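Just below is one structure, and these are the notes that go with it.
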Amino acid sequence: MNIRTCKRNGILAGLLILAAHAGGCDTGRETLSDGVGPGGADGRTGSPDAPGSPDGGSGGDGGASVPEDTALLPDTATPPDTATPPDAVPLMDVELPQDTGTGDAAGGPDTAPVNPTIAFLTPGAECTNPVHLSVTAQGPIVKVHYTADGYPLGTGTDPSSQFGIDYTFLTLGNRLLKAEGRDAEDKPLASATQWTLVHPPEGDAVPDVPYFYQYANQLYPGSSCQNTSIAMLLAWYGWDGTPDTITGTWGKNYAQSPEGLAEVFNSYAEEMGIPQRLVAHLDGDLAGMDALLGQGLPVIVHGYFTAYGHVLVTLSHQAGKYVVNDPAGAWNEVFQGGYPGPQGSTAGDHIEYAEGPFQDAIATWDGVAPAPLWYHEIVE
């Protein structure tokens, strides 16, 4: 080999080394042969942003050999510190995560969370007792608590029935209903409220209040009408006592006054754990009492059915008549007229009195002059 050939071969070797750096290759590891390198069929092993890459705009065939007559320009060589490291992973060979459209970065469902909402389906503004309560609910609600004026009615747990429950009100009229949706941990999520006017059952407007006959009492049978009336109302709420139970504890005089009567009833109601209480009205009128009867509520009333006075339980007012539970039996429908005997033990059970004489006995001083009405309203 002559000097000219050695010199030419030396230049060619230098150009090959520079071409390898410009293509992003490591000449210590990769052998260029016919333009095909270990990066694939076209010899692309560099980063897309490096010289010689498809996206860099300045790359060629990457692994092609350099022609012998290419001039060597030192300032165009790739600096050693910018060359692609031998063990770098080409970005074009990295499998990127695919957008499956199934959620956020955490992998959750690709749907917005549903805000919990609740609204009454039934009842409406008015209804007939008993009442079906149900709601429409959205979000993570698994049960619905129902209340009326703050008192619990029950809990609906079946979403397929719109969380419905059935309830029979003992106190009718306007009730403030509330439905509160809760999650599995019983945490309140949403609520709805509405006023509903609850009417008595159709065709059954007379409350089925149990009857006690005062002359069957062992204690003070002739002067225990007030305690006997209290016993009837308590029995309607499930009490299992008798008028003598009350008289044995409170005596015969305490409940003669409206305030005393209400106190006795309320004491037993508290012991029973029921929410109902009596409120005594000493300046009432017929319209107020009739409104309560129209709601299906029994009303204890004081009146001049005898010369001394008498107490009984009024059940309804319809078709010009009052239906009552009269503890003394059948009244003769005369102002202060009393109770002619003898009478049976059920004579006063759901007995009917004509509207005129009855109203005179409870709302006048003497059968003519108006007097304030003494009656008792059931409240919860």
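Coordinate-derived values only; no laboratory data. Every value quoted in this text rests on a predicted model; they were computed, and no experiment measured them. We place every Cβ from the backbone using ideal geometry, glycine too, and count neighbours over all the protein chains shown.
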Open item on the list: Restricting to the stretch 155-166, name every residue that is in contact with a strand residue (DSSP E or B) (Cβ under 6 Å, 6 or more places away or on another chain) and either of a type in the set (S, T, N, Q) or over 15 Å from residue 120 (Cα atoms) (or both).
Closed with: 155, 157, 162
Task: Near pairs, Cβ below 9 angstrom, 6+ apart or cross-chain, from the stretch 154-175 (without any contact (Cβ under 8 Å) to a residue 12 or more places away in the chain) to any residue that is small (Gly, Ala, Ser) and surrounded by fewer than 20 Cβ atoms within 10 Å (Cβ to Cβ) - done: 158/164
- [ ] Being of a type in the set (A, V, I, L, M, F, W, C) and in contact with a strand residue (DSSP E or B) (Cβ under 9 Å, 6 or more places away or on another chain) is the filter; apply it to the stretch 320-353 and report the residue that is nearest to residue 242 (Cα to Cα).
- [x] 328
- [ ] Kindly check whether there is at least one residue in the stretch 168-183 that is part of a strand (DSSP E or B), in contact with a helix residue (DSSP H, G or I) (Cβ under 9 Å, 6 or more places away or on another chain) and either surrounded by 14 or more Cβ atoms within 10 Å (Cβ to Cβ) or of a type in the set (S, T, N, Q) (or both).
- [x] yes
Open item on the list: For a quick check of your reading of the model, give me the residue pairs whose first member lies in the stretch 221-236 and is more than 14 Å from residue 263 (Cβ to Cβ), whose second is of a type in the set (D, E, K, R), with beta-carbon atoms closer than 9 Å and at least 6 apart or on different chains.
Closed with: 223/252; 224/244; 224/252; 225/326; 231/244; 236/208
Open item on the list: Restricting to the stretch 276-304, and then to whatever is crowded, with 17+ Cβ neighbours inside 10 Å and small (Gly, Ala, Ser), can you tell me which residue is farthest from residue 210 (Cα to Cα)?
Closed with: 284
Task: Filter result for residue 307 (surrounded by fewer than 20 Cβ atoms within 10 Å (Cβ to Cβ) and closer than 25 Å to residue 363 by Cβ) - done: yes
Task: strands (runs of 3 or more DSSP E) enclosed by the stretch 275-380 - at least 3 residues per element that are of a type in the set (Val, Ile, Thr) - done: 299-303, 310-318
